[in-house]
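Heads up, the thing below is written out as C-alpha cells.
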Amino acid sequence: MRFLSIIILTIVFTSCEEVININLKGAERVIVAEGLIEFGSNGWIRLSYSSGYFDESKRDYIDNATVSLSDNNGNSEIFQYKSNGMYLGNLLKGIPDRKYTLKITVDNKSYTAESTLFPPAPIISANFEEELFQRPGDMTKSYYLVLKFMDNPFIDNHYMIQIQLNDTLENNSYLLLRDSYYAENGTIEYKPLRHRFVQGDSLVIGLYSIDKDTYTYYNQLNDLKEAGMGASSTPYNPVSNFGTNVMGYFAAYSGSFQAAVVK
C-alpha cells in the first residue's frame with residue numbers, strides 16, 4: 001500500500017518555488033533523482049540522466065554514484081548500488097521526528113537534500129455521504145468520501161492523500177491539505193469533493209504526513225497538471241531540494257491506511 005512510491009517513480013520530479021525554463025531543441029543532460037525514506041523502512045534513491053525533450057531513447061541510469069544517508073542523531077550509512085540506477089540503504093530506517101540528509105556524488109560533484117519525517121496521523125473513520133445534486137440525466141447515485149483523522153494542533157502539519165479505487169491508484173493522483181485550514185481541535189474532517197464514488201466501489205485510502213517542503217513540491221506538480229503542462233509551449237521544472245542542477249526530490253514520510261466500501 002505504499003502508493004506514494006508509485007507517484008515518485010512515475011513523475012519527473014519538481015520542487016520548491018523557483019522556475020527553470022528548458023531549451024526544447026537540445027536541453028543539457030541533468031541528474032534526475034527519485035528518493036524516499038518512509039517510516040519503518042530503509043531509504044532508497046534511483047538516479048538517471050535526463051534526455052532531450054523529444055528524445056525517447058532508453059533511460060540513462062547512473063551506476064557510478066556515491067550515495068550516503070544521515071540523520072540529525074549522528075547516524076549514517078552508505079547506500080549499495082543494485083541495478084537500473086537504484087541505490088538501497090540497509091541500516092537506517094525511517095523514525096518520526098528525525099531529519100534525514102541524502103547526499104549524492106557523481107563525477108566529483110555533490111548534491112544534498114533534506115527532509116523531515118513526521119509521525120503518521122491516525123485515521124478515525126472513512127465514511128461516505130450521498131451527493132444531493134446529481135448531473136442532469138444521471139440516474140446513478142454518487143457519494144463523497146468523508147475522511148476523519150487525528151491532527152496535532154500544536155504543530156504545523158501537511159498531508160497528502162492518495163486513493164486506490166478498485167485495486168487501481170485513482171488517476172495516479174494525490175490530494176494535498178494543510179491543517180492550518182481547519183479548526184485546531186485535534187481532528188480534521190476532509191471531503192475531497194472532486195472525487196465521486198458509486199455503490200460497490202472499494203477504496204484504500206493512504207494518508208501521508210509530509211514536511212512543508214514536500215508539500216510545496218507536490219503542490220507545484222498540481223499547478224503544472226492544472227495548467228496543462230503537456231500543452232504548454234515552454235515546459236518547466238521547479239527546483240529540486242537537491243538544488244538547481246538536479247531534477248527530482250528526496251522525501252521522508254509516514255502513512256496511515258484505511259479500507260472502505262461504498263454501500
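Filter the chymotrypsin sites (Phe, Trp or Tyr not before Pro) in segment 47-146 to those in DSSP coil with at most 14 other Cβ atoms within 10 Å of their Cβ, and list the result. Let's see the in-between values first.
Working: sites: TYR49, TYR53, PHE54, TYR61, PHE79, TYR81, TYR87, TYR100, TYR111, PHE128, PHE133, TYR143, TYR144; in loops: TYR53, PHE54, PHE79, PHE133.
Those satisfying the criteria are TYR53, PHE54, PHE133.
The phi torsions of segment 142-156, fed into the Karplus equation with coefficients 6.51, -1.76 and 1.60 and a -60° offset, translate into couplings of 10, 9, 9, 7, 10, 9, 10, 8, 7, 9, 7, x, 9, 10, 6 Hz, rounded to whole numbers, with Gly and Pro shown as x. Taking the charge dipole of segment 136-193 about its Cα centre, with +1 at Lys and Arg Cβ atoms and -1 at Asp and Glu Cβ atoms, the residue from PRO153, THR168, ILE188 reaching farthest to the positive side is THR168.
Quick one: Debye curve from the alpha-carbon atoms of segment 123-209 only, equal weights, vacuum; give me log10 I(q)/I(0) at q = 0.10, 0.11, 0.17, 0.24 Å⁻¹ to two decimals. At q = 0.10, 0.11, 0.17, 0.24 Å⁻¹ the computed log10 ratios are -0.28, -0.34, -0.76, -1.24.
So what's Rg/Rh here for segment 62-214, counting alpha carbon atoms and using the Kirkwood radius for Rh? Ratio of gyration radius to Kirkwood radius for segment 62-214: 1.09. Among the trypsin sites (Lys or Arg not before Pro) in segment 86-117, none sits in a DSSP loop with a Cβ that has at most 12 other Cβ atoms within 10 Å. Placing pseudo-labels 7 Å out from each Cα toward the beta carbon at GLU131 and ASN90 gives an inter-label distance of 5.0 nm. Amide H to amide H distances under 5 Å link VAL146 with ASN127, PHE128, GLU129, where only residues 5 or more positions off or on other chains count and H is placed in the peptide plane.
Annotation: extensible slack from TYR81 through GLU184 equals 32.6 nm (criterion: 0.36 nm per residue apart, minus Cα-Cα distance).
Read the figures in this text as sums done on the coordinates, not as results from a lab. All of these numbers come straight from a predicted model, not from anything done at the bench. Heads up, the Cβs are rebuilt from the backbone with ideal geometry, glycines too, and the neighbour counts pull from every protein chain shown.
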